[in-house]
Structures are given as C-alpha cells and as structure tokens.
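Presented below is the structure to which this report refers.
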Amino acid sequence: MNTTSLQKDDDSAKSFARIATFIYAAALLVTAALVLLLGLPSSRANHIWITLSTLVLGETFLYGIAVHYLGNRPASRRLLPVYIAMGIVAGLSWVGTLVLMLVFSVALNISSFYYGLIQFIVVGAAAILLGLLTIYLRNAARQEQGT
C-alpha cells in the first residue's frame, strides 16, 4: 500500500472523528435540554444532576466507542460485531437511565440517595459489560494478528 492511500485513510478517519465529535456535542446539548424540560416541573435538583451526569456518561461511552472504531477502521471491520455489542450496551444504559428517571424520579418520587444508588448500579453494570467486551475485543484483535 502506498503512502498516499494511507494518508487518505488517515484524513478520512479524522474527518469522521470530527463529525462524530459534532454529533456528540449536539447530543449533549439536546440531553441537557431534555433533562431540564422533564426535570424542572418536579424541581428535584439532586435528581436532575444525577440524571444529567449518568446520561452524559452514557453518551460519552457511545462517543468513545465510535471514535475508537473510526481510529481503527481497517482492523475494526473484522471486529464490527464487538463494536456493535459495545454500542448496544452503552445505548441500553442510556435508555435505562431515561426510564429510571421517569419511573423513580417523576412517578415514584423516591429519595435522592436511593435514586442515585439505582443510577449508580446501572452505570456500574454497563461499565462492567463494556470492560468485558473490551477484553474480548483486544483478545480477538491479537488472535487476528497471529500473536
């Protein structure tokens, strides 16, 4: 492969990473607006901050997975199922956070301590699953390299 082709691939990856960064920034703004819109009527400041923090963390998981995939595209194509699984786990944690907000904060109005604990459990479970998938991803990448 010549250097011109490698440079085009590198420029393409950087361009896609910039697009992903723009989408991430827009998603953060929409998330903040959504949480404030849904959370302000109940005026539970602690719940709003806990929810916003966990949603931003979920979006950061998704952004990190996307940027990692874009940076390793030639090798990543063979490992696409692992990246999809990682995206599903991160996406489900984000959706789970929204559902928990609607059920436990808005509908049931539980205390901030228990609400934070429940959100912490969801984020922790997602982080454990993402860690296991990352171990699998690295192991599969090493096996494909032949080491």
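So here's what we get for this one:
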{"read-out": "Positive-end extreme of charge dipole, the chain - chosen from Thr134, Gly91, Ile121 (charges on Cβ)", "value": "Thr134"}
{"read-out": "In nm, spacing of pseudo-spin labels at Ala107 and Tyr136 (7 Å Cα→C-beta vector)", "value": "3.1"}
{"read-out": "Inter-label distance for Ile23 and Ile84, nm, one decimal - labels placed 7 Å from Cα along Cα-to-Cβ", "value": "1.6"}
{"read-out": "Over region 3-145, relative contact order from alpha-carbon pairs under 8 Å, at least 6 apart, %", "value": "28"}
{"read-out": "Residues listed by number, region 18-40, amide nitrogen under 14 Å from Thr60 label point at 7 Å toward C-beta", "value": "25, 28"}
{"read-out": "Label of the coordinate-derived value, Rg and Dmax of the Cα atoms in Å, listed as [x] 57.2, 181; [y] 22.3, 76; [z] 18.5, 62", "value": "[z]"}
{"read-out": "The chain, dipole about Cα centre (Lys/Arg Cβ +1, Asp/Glu Cβ -1), debye to the nearest 20", "value": "180"}
{"read-out": "Nitroxide proxy distance, nm - points 7 Å out along Cα→Cβ at Phe16 and Asn46", "value": "4.4"}
{"read-out": "Length added when fully stretched, Arg77-Leu117, from 0.36 nm per residue minus Cα-Cα", "value": "10.6 nm"}
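The numbers here are math on the coordinates, done by the rules we state, and not lab data. Model, not experiment: these values are computed from the prediction. Quick reminder, even Gly has a Cβ in these numbers, built from the backbone with ideal geometry, and neighbours come from all protein chains shown.
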